[in-house]
Amino acid sequence: MTAQPSARTPFKGGFAPVTEEVTAFDLEVTGRIPAELNGRYLRNGPNPLSLDDPSASHLFIGEGMVHGVRLRDGRAEWYRNRWVRNAEVARRLGEEPRPGPVHAGMDFAANTHVIGLAGRTFACVEAGALPYELSYELDTVGPSDFGGGLPGGFAAHTHLDPGTGELHALAYFFGWDHHQHLVLDQKGTVTQVRNIPIADAPMLHDFALTERYVVIYDLPVTFSMAHAERGVKLPYAWNEDHGARVGLLSRETGDVRWVEVPRCWVFHTLNAYDDGDQVVVDVVRYPRRFVDARLDLGGSPTLDRWRIDPRAGTVTETRLDDRPQEFPRMDERLTGRPYRYGYTVTTTDLKDVFPEEQEMEALPDGAFDNTLIKHDLERGTGEARVFGRGAYVGEPVFVDAGEAEDDGYVMSFVNNPDRGAADLVILSAQDFTGDPVAVVHLPARVPLGFHGSWIAD
Ligand SMILES: [Fe+2]
């Protein structure tokens, strides 16, 4: 079932929430699921309990729902979707709240990402709230501060160093005068906490990791008390008085070298790496965002490269691809290292997403063509795989299968409008526009959402 959209909610079209939790076994498959894929593909996203709720008024604050498919021995063993039970969701579903820590009253049903760490599963969100631990079957265990290791909240995006096995995160909170760099070891223990002074409480959605640096984006979207007082649910706004800079936090010393960048907004990193003394950072970059705390203004995102020279204090910005795109992923065995391939998505009509009474900037039709792109950054080319309109194709997660960088699979939920349900599409990364390796037919719609992970058993 799909909830009926109301005029004022952004949760329509591909973002329209589902109203039921489903458990299904032995799913129908077209093609052949590779036998080496043993694990779960999980994806988180906002799914308000009710479209009449305040949480249905902003795309970024709907209660989190995790959708998952378990693959084993060439079979699609199950599909499950589960709301993340913070205290409020538990209460409304008639359950006991899960006991556990809460940072600064920020108990939120984490809706942005879901990751595996130390054999456990965590739904993650930013801006001061803690992650929620989930069971293997996606039931909520409870909020987690990693055994007391987190001083504050956590982060939506984390980056695992494939060389050291350390998981890096940057936490922020409107009540702080700093961002917080966190390192966790492979047991899920917080081993390092560093506070980096930052003015104006900027939003920080993602960051980048190289072998030498943690790359911090200090961009002009900051906490806005004026919007908070007006009742704006996510009171962060474009701030003409706040500069734009990138910080290279030395992983060795903790010193930060700040370098000014052209004013812009970045949600997501594709990857970054050290190149001699310079640092290359590939990002999805918007001209502006959160203008007057609104999501729909600020221009289209492009895939751009920053080449940072910390000695000269300069940044060179080049355009890698000017097609509007988002949700960049890559072969995470090469996080922080030189790499060649990236995967992004151009997706559904944002006009479906925003309330009708708000004006949209004109966005090119190409923004809405339900397409996945495989980028070859060495050759400067890209292969586009086009799904049909209404496919609402989601973030492309790469799963390695062999030694070569693109020897593996790309997974994503793709809506099938004819069935009124979603498929988990498994593509060969090396045959990106050919027939899918396998298509797992799910029994329900999967709304557009945010981020996910392949978590091998
Ligand atoms: Fe994100």
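Tabulated data
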read-out: Residues being open to solvent by 30 Å² or more (accessible area, probe 1.4 Å) and of a type in the set (Gly, Ala, Ser) - total across region 84-114; value: 5
read-out: Count - residues of region 119-170 that are at positive phi and either crowded, with 16+ Cβ neighbours inside 10 Å or within 16 Å of the ligand (Cβ to nearest atom) (or both); value: 5
read-out: Matching residues, region 314-340, being touching a residue at least 40 places away in the same chain (Cβ under 8 Å) and polar (S, T, N, Q); value: THR314, GLN325, THR335
read-out: Output for region 277-302, where each listed residue is at pLDDT 95 or above, over 30 Å from ARG230 (Cβ atoms) and either within 16 Å of the ligand (Cβ to nearest atom) or not in a loop (DSSP other than H, G, I, E, B) (or both); value: GLN278, VAL279, VAL280, VAL281, ASP282, VAL283
read-out: Residue selected from region 109-118 under the condition in a strand (DSSP E or B) and more than 16 Å from the ligand (Cβ to nearest atom), by the criterion nearest to VAL183 (Cα to Cα); value: LEU117
read-out: Any hit, region 117-130, residues being more than 19 Å from the chain's Cα centre (by Cα) and under 30 Å from GLY31 (Cα atoms); value: yes
read-out: Checklist (1) under 28 Å from TYR273 (Cβ atoms); (2) modelled with pLDDT under 95 applied to LEU234, failing item; value: (1)
read-out: Residue that is most open to solvent (accessible area, probe 1.4 Å) [pool: residues in region 198-240 that are under 23 Å from ASP145 (Cβ atoms) and outside any loop (DSSP other than H, G, I, E, B)]; value: PHE223
read-out: ASN81 being polar (S, T, N, Q), open to solvent by less than 10 Å² (accessible area, probe 1.4 Å) and part of a loop (DSSP other than H, G, I, E, B); value: no
read-out: Residue in region 344-361 that is open to solvent by 20 Å² or more (accessible area, probe 1.4 Å) and modelled with pLDDT of 90 or more present; value: no
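The values are calculated or read from the model by the stated rules, or taken from the named source; none is laboratory data. Computed from a prediction, not measured in an experiment: that's the story for all the values here. Using ideal geometry, Cβ is built from the backbone for each residue, glycine included, and neighbour counts are taken over all protein chains shown. Just the protein is used for accessible areas: all its heavy atoms, side chains included, with ligands, DNA and RNA removed. Shrake-Rupley method; radii C 1.70, N 1.55, O 1.52, S 1.80 Å.
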